[in-house]
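Since the structure comes first, as structure tokens, the remarks are kept for the end.
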Amino acid sequence: MKTRILTWFLASAWLATSTGARGVEPEITLAVSLSPAGSFEATSKKITVKGGVVQIGESYQAEEVELDLASLKTGIALRDTHMRENYFETAKYPKAILRRGRGKDGRFTAELIIRNVAVPVQGTYKIEGGRIVTQFTTTLSAFKIRSANYMGVGVDDEVVVQMVYPLTSVARVGGKNNRSPASSH
């Protein structure tokens, strides 16, 4: 269940930065469903974008986005500990990494790496003022994360990841300045 949250975060993070533009802080949320009923969210603001997010014309790209997996919080300390130690194994695999994020016309693709397993992901994004909001779905089993079950309640394999982050970089194409909605910090 923790992995689902992380996966969602990383996919969304491909356009995130570690500090906010215009007061927008990056944040990732993993929406996890439980069976037979229920759900929870895991969130974090510990996102780092190496090389920044670049807008080129109508396209967006980010080369590498990292999430500190140990920073994910669900609001229940014991669940957080189990997520870190038993499922993400953050002592061995401390980061989730989103590589080669490319987006255009509201859709993006990237490669998500969790526990040294690389999986292609795709999702949607929208620009809202000085921020970008991304969303995608992935599965825990794709990253070889064992299923979580306690007293008859289990975590569904599919996790929805949403990320909100400031759009901060600009690129010059053909001599024109293609500005993102927010300025660089």
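The values are calculated or read from the model by the stated rules, or taken from the named source; none is laboratory data. Not measured: the values here are computed from a predicted model. Please note: Cβ atoms are built from the backbone with ideal geometry, for glycine as well, and neighbour counts cover all protein chains shown.
Of the residues making up segment 114-127, those that are out of contact with any helix residue (DSSP H, G or I) (no Cβ under 9 Å at 6 or more places or on another chain) and in contact (Cβ under 8 Å) with a residue 24 or more places away in the chain number 1. For residue 181, the test of being farther than 19 Å from residue 31 by Cβ and modelled with pLDDT of 95 or more is failed.
Tally the residues that are over 11 Å from the mean Cα position of the chain (by Cα), over 16 Å from residue 145 (Cα atoms) and not small (Gly, Ala, Ser), restricting the search to segment 73-98.
Adding up the residues that qualify gives 4.
Answer yes if at least one residue in segment 68-82 is in a strand (DSSP E or B) and either of a type outside the set (Lys, Arg) or out of contact with any strand residue (DSSP E or B) (no Cβ under 7 Å at 6 or more places or on another chain) (or both), and no otherwise.
Let us first name the residues in segment 68-82 that are in a strand (DSSP E or B), namely 68, 73.
Filter again for either of a type outside the set (Lys, Arg) or out of contact with any strand residue (DSSP E or B) (no Cβ under 7 Å at 6 or more places or on another chain) (or both), leaving 68.
Yes.
Every residue, every condition in (1) surrounded by fewer than 18 Cβ atoms within 10 Å (Cβ to Cβ); (2) more than 18 Å from residue 30 (Cα to Cα); (3) in contact with a helix residue (DSSP H, G or I) (Cβ under 7 Å, 6 or more places away or on another chain), yes or no:
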| site | (1), (2), (3) |
| --- | --- |
| 81 | yes, no, no |
| 92 | yes, yes, no |
| 98 | no, no, yes |
| 111 | yes, no, no |
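Inclusion of residue 118 among residues that are assigned to a loop (DSSP other than H, G, I, E, B) and not charged (D, E, K, R) is not warranted. Apart from one condition, residue 133 fits all of (1) surrounded by 14 or more Cβ atoms within 10 Å (Cβ to Cβ); (2) among the hydrophobic types (A, V, I, L, M, F, W, C); (3) modelled with pLDDT of 95 or more; the exception is (3).
Sub-6 Å Cβ pairs linking a first residue in segment 19-30 that is closer than 18 Å to residue 74 by Cβ and at pLDDT 90 or above to a second residue that is among the hydroxyl-bearing types (Ser, Thr, Tyr) and surrounded by fewer than 22 Cβ atoms within 10 Å (Cβ to Cβ), at least 6 apart or interchain, are 29/43, ordered by first then second residue.
Condition first: in a strand (DSSP E or B), among the polar types (S, T, N, Q) and in contact with a helix residue (DSSP H, G or I) (Cβ under 9 Å, 6 or more places away or on another chain). Now tell me which residues in segment 137-167 satisfy that. Can you show your working first?
Our first condition is that a residue be in a strand (DSSP E or B); within segment 137-167, this holds for 137-139, 149-150, 153-166.
From the residues that got through so far, the ones that are among the polar types (S, T, N, Q) too are 137-139, 149, 162.
Matches in segment 137-167: 137, 138, 139, 162.
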